[in-house]
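What follows is one structure encoded as C-alpha coordinates, with my remarks underneath.
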Amino acid sequence: GGKMAARLSGGENRLVSLPLSRIRVIMKSSPEVSSINQDALFLTAKATELFVQYLATYSYKHGRGKEKNALTYSDLSHTAEECETFQFLADILPKKILASKYLKMLEKEKRDGEVGEDEEEEEDEDET
(Lines give C-alpha, C1' and ligand atoms only; values in the text may rest on other atoms or scores of the structure.)
Protein backbone atom coordinates (compact mmCIF):
# COMPACT_ATOMS: atom_id res chain seq x y z
CA GLY A 1 0.00 0.00 0.00
CA GLY A 2 0.92 3.66 -0.35
CA LYS A 3 1.39 4.04 3.39
CA MET A 4 4.18 1.51 3.62
CA ALA A 5 5.85 2.85 0.49
CA ALA A 6 6.10 6.32 2.05
CA ARG A 7 7.50 4.83 5.22
CA LEU A 8 10.11 2.69 3.50
CA SER A 9 11.32 5.00 0.75
CA GLY A 10 14.35 6.13 2.74
CA GLY A 11 15.34 9.40 4.39
CA GLU A 12 12.88 11.71 6.08
CA ASN A 13 9.84 10.21 4.33
CA ARG A 14 10.09 7.36 6.81
CA LEU A 15 8.95 9.74 9.54
CA VAL A 16 5.56 10.30 7.93
CA SER A 17 2.81 7.74 7.46
CA LEU A 18 0.66 9.77 5.06
CA PRO A 19 1.39 9.33 1.32
CA LEU A 20 3.42 12.36 0.19
CA SER A 21 2.33 11.97 -3.44
CA ARG A 22 -1.33 12.37 -2.41
CA ILE A 23 -0.51 15.42 -0.29
CA ARG A 24 1.41 16.95 -3.20
CA VAL A 25 -1.69 16.49 -5.41
CA ILE A 26 -3.89 18.20 -2.80
CA MET A 27 -1.44 21.09 -2.39
CA LYS A 28 -1.13 21.53 -6.17
CA SER A 29 -4.92 21.73 -6.48
CA SER A 30 -4.64 25.23 -4.99
CA PRO A 31 -4.26 27.80 -7.78
CA GLU A 32 -1.74 29.87 -5.73
CA VAL A 33 0.69 26.94 -5.54
CA SER A 34 3.10 26.69 -8.47
CA SER A 35 5.93 24.58 -7.06
CA ILE A 36 6.27 22.61 -3.84
CA ASN A 37 9.53 22.46 -1.92
CA GLN A 38 10.34 18.95 -0.60
CA ASP A 39 10.67 20.28 2.98
CA ALA A 40 7.35 22.12 2.75
CA LEU A 41 5.70 18.93 1.50
CA PHE A 42 7.21 16.88 4.32
CA LEU A 43 6.25 19.44 7.00
CA THR A 44 2.69 19.71 5.66
CA ALA A 45 2.38 15.92 5.78
CA LYS A 46 3.80 15.73 9.30
CA ALA A 47 1.62 18.60 10.56
CA THR A 48 -1.45 16.95 9.04
CA GLU A 49 -0.57 13.66 10.68
CA LEU A 50 -0.08 15.29 14.10
CA PHE A 51 -3.33 17.22 13.70
CA VAL A 52 -5.28 14.05 12.89
CA GLN A 53 -3.71 12.34 15.91
CA TYR A 54 -4.69 15.29 18.10
CA LEU A 55 -8.26 15.29 16.76
CA ALA A 56 -8.56 11.53 17.30
CA THR A 57 -7.05 11.58 20.81
CA TYR A 58 -9.18 14.55 21.89
CA SER A 59 -12.34 12.94 20.48
CA TYR A 60 -11.54 9.63 22.15
CA LYS A 61 -10.90 11.21 25.56
CA HIS A 62 -13.94 13.48 25.44
CA GLY A 63 -16.29 11.07 23.69
CA ARG A 64 -18.00 7.84 24.63
CA GLY A 65 -15.06 5.96 23.19
CA LYS A 66 -13.54 5.20 26.57
CA GLU A 67 -16.58 3.15 27.59
CA LYS A 68 -16.50 1.07 24.41
CA ASN A 69 -12.73 1.28 23.94
CA ALA A 70 -13.40 2.62 20.45
CA LEU A 71 -13.42 5.90 18.57
CA THR A 72 -16.67 6.48 16.70
CA TYR A 73 -17.73 8.91 14.00
CA SER A 74 -20.16 10.53 16.43
CA ASP A 75 -17.26 11.21 18.84
CA LEU A 76 -15.49 13.07 16.01
CA SER A 77 -18.56 15.04 14.94
CA HIS A 78 -19.29 15.92 18.57
CA THR A 79 -15.76 17.32 18.90
CA ALA A 80 -16.18 19.37 15.71
CA GLU A 81 -19.42 20.78 17.09
CA GLU A 82 -18.44 21.41 20.72
CA CYS A 83 -14.72 22.26 20.74
CA GLU A 84 -13.77 25.72 19.48
CA THR A 85 -10.42 24.52 18.12
CA PHE A 86 -12.14 22.04 15.81
CA GLN A 87 -15.25 24.02 14.88
CA PHE A 88 -13.89 24.72 11.40
CA LEU A 89 -14.43 20.99 10.72
CA ALA A 90 -18.16 21.12 11.49
CA ASP A 91 -19.11 21.02 7.79
CA ILE A 92 -16.73 18.14 7.09
CA LEU A 93 -17.82 16.10 10.14
CA PRO A 94 -21.56 16.78 10.35
CA LYS A 95 -23.70 15.01 12.93
CA LYS A 96 -25.24 11.91 11.41
CA ILE A 97 -28.99 12.16 11.11
CA LEU A 98 -31.60 10.00 9.42
CA ALA A 99 -32.48 10.94 5.85
CA SER A 100 -36.14 11.28 6.85
CA LYS A 101 -35.18 13.76 9.59
CA TYR A 102 -33.05 15.71 7.13
CA LEU A 103 -35.90 15.94 4.60
CA LYS A 104 -38.21 17.21 7.35
CA MET A 105 -35.63 19.88 8.24
CA LEU A 106 -35.42 20.94 4.58
CA GLU A 107 -39.22 21.20 4.42
CA LYS A 108 -39.28 23.30 7.57
CA GLU A 109 -36.55 25.60 6.20
CA LYS A 110 -38.56 26.06 3.01
CA ARG A 111 -41.72 26.90 4.96
CA ASP A 112 -39.89 29.29 7.31
CA GLY A 113 -38.29 30.98 4.31
CA GLU A 114 -41.69 31.61 2.72
CA VAL A 115 -43.06 33.14 5.92
CA GLY A 116 -40.15 35.58 5.67
CA GLU A 117 -38.70 35.44 9.16
CA ASP A 118 -35.83 37.94 8.99
CA GLU A 119 -33.70 36.43 11.75
CA GLU A 120 -33.51 32.98 10.22
CA GLU A 121 -32.73 34.28 6.75
CA GLU A 122 -29.81 36.31 8.11
CA GLU A 123 -28.42 33.26 9.87
CA ASP A 124 -28.63 31.22 6.69
CA GLU A 125 -26.61 33.83 4.79
CA ASP A 126 -23.84 33.76 7.39
CA GLU A 127 -23.44 30.01 7.10
CA THR A 128 -22.87 29.88 3.33
Restricting attention to region 29-67, which residues are among the basic types (Lys, Arg) and within 19 Å of the chain's Cα centre (by Cα)?
46, 61
Tell me, yes or no, whether region 89-100 has at least one residue that is modelled with pLDDT under 90, assigned to a helix (DSSP H, G or I) and open to solvent by 100 Å² or more (accessible area, probe 1.4 Å).
no
Which residues, taken from region 15-36, are farther than 18 Å from residue 53 by Cβ and in contact with a Ser or Thr (Cβ under 7 Å, 6 or more places away or on another chain)?
27
Criterion violated by residue 11 - all others in (1) at pLDDT 90 or above; (2) open to solvent by less than 80 Å² (accessible area, probe 1.4 Å) satisfied:
(1)
Taking region 18-70 as the search range and keeping residues that are in contact (Cβ under 8 Å) with a residue 12 or more places away in the chain and farther than 22 Å from residue 88 by Cβ, which one is least open to solvent (accessible area, probe 1.4 Å)?
41
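The values are calculated or read from the model by the stated rules, or taken from the named source; none is laboratory data. As the structure is a prediction and not an experimental result, all values here were calculated from the model. As a convention, Cβ positions derive from the backbone with ideal geometry for all residues, glycine included, and neighbour counts pool all protein chains shown. Accessible surface areas use protein heavy atoms only, side chains included; no ligands, DNA or RNA. Shrake-Rupley method; radii C 1.70, N 1.55, O 1.52, S 1.80 Å.
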